[in-house]
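Novice: Below: one structure in structure tokens.
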Amino acid sequence: MDPSVSKKRAGAATAAADLTDDLIIEILSRLPVKSICRFKCVSRHWRGLISHPEHRMKLPQTLSGFFYPRYLRNHEDEITTIPDFVSISRAEEEELPFPDPSLSLPGYWYIRPVDCSGGLLLCSCWKVNPRDEHNYVVCNPAADKWVVLPEAPDDHSLVSTIRICFNSAISSHFHENGWGEVVPVDSRGVFMNGILHLISHESTVLTVDTEGKTWRTIPVLECMGFENFCKGVVAFLGQSQGRLCYMNTRKHITSKISVWMLEDYSADLWVFKYNISTSQIFGEVDLMMERDYALIAMHPEANVIFFVWKCEDVLMSYDMDRGKVSVICSLTEPMYDAFLPYLPYVPFFHGLADQD
């Protein structure tokens, strides 16, 4: 190595060592979250600083893991549900960003997470007393706070879809909406730039504002559509690095996943980016989306996709830029639904947002 390069690195290390912990956190708080993730690798001390619960409140956050419903039997031998959490971090010393993944909401015997946005978790809950009373509850796990939504629509009413939308960079308010007339595919939506995006049964992307008043349709290319006779459109909608991402398989080529990015939002311009071989990811052929595996998220800061391999009950990731497959962990709860119940979670440490 060039001696001058070694000397510069040594000087940089000495300068960094002279900084106080408070000053390091102050500097890091002004950087994008992608840089924060890289600085975790500088040293054990820096990883500890960045992961410390008190410092997390000052730093930008990224994907931490996934909430999912855990099924169990209560003391009355009834099948009930509580939230649980699986982390994507392999660092054993890194603490979870909240005190209790089960939330432990008083007065409820059944708590099922149904959607997550901006660090807020929307749960479908049934009361202990009266037994037949249902509420939707919004929780902030990192702040250990929760609020019951007023006049919550009943699961058996005409409302077919309910979503929570929150982005602290845009507004301090969260929004929840339900719709009975518009029926999207049974998958999570993408809340981006103040707009909720959903895949429709007509193989288009529906967009709606937080008030549920302004609707728009983003068409997709003919080659991006593939319908299953039983389940309708076979596709997944995500976002990464500020762009909308659409993933699907082709009718006669189910062994490949096509990845499209919406490069020009105003012009509805989709650009093909990747072809992913499922045999490369899973080591098996003839696997089908939804039947054998499920796409559950895209990393918000990188071209990384997260899967659940249903046959093996494992959580996996695939880095599209490097072609790298990683097994994150085995799952304790088998996955029967196509997209639910694994909900991507980015911590929000500043209390509970206001409701609109």
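The values are calculated or read from the model by the stated rules, or taken from the named source; none is laboratory data. Computed from a prediction, not measured in an experiment: that's the story for all the values here. Note that each Cβ is placed from the backbone with ideal geometry, even for glycine, and that neighbours are counted across all protein chains shown. Side chains are part of the model used for accessible areas, which takes the heavy atoms of the whole protein and leaves out ligands, DNA and RNA. Shrake-Rupley method; radii C 1.70, N 1.55, O 1.52, S 1.80 Å.
Novice: Where the only charges are on Cβ atoms (+1 Lys, Arg; -1 Asp, Glu), what is the dipole of the range 244-329 about its Cα centre, to the nearest 20 debye?
Specialist: Approximately 200 debye in magnitude.
Novice: Less than 10 Å Cβ to Cβ from residue 85, Lys/Arg counted +1 and Asp/Glu -1: what total charge do the surrounding residues give?
Specialist: Its environment carries a net charge of -1.
Novice: Using modelled backbone amide H atoms (1.01 Å from N, in-plane), which distant-in-sequence or interchain residues come within less than 5 Å of residue 302's amide H?
Specialist: Result for residue 302 returns 241.
Novice: Order 240, 89 by their accessible area, 1.4 angstrom probe, all chains in place, largest first.
Specialist: From most exposed to least exposed: 89, 240.
Novice: What does the charge add up to near residue 111, with Lys and Arg as +1, Asp and Glu as -1, over the other residues with Cβ less than 11 Å from its Cβ?
Specialist: My count for the surroundings of residue 111 gives +2.
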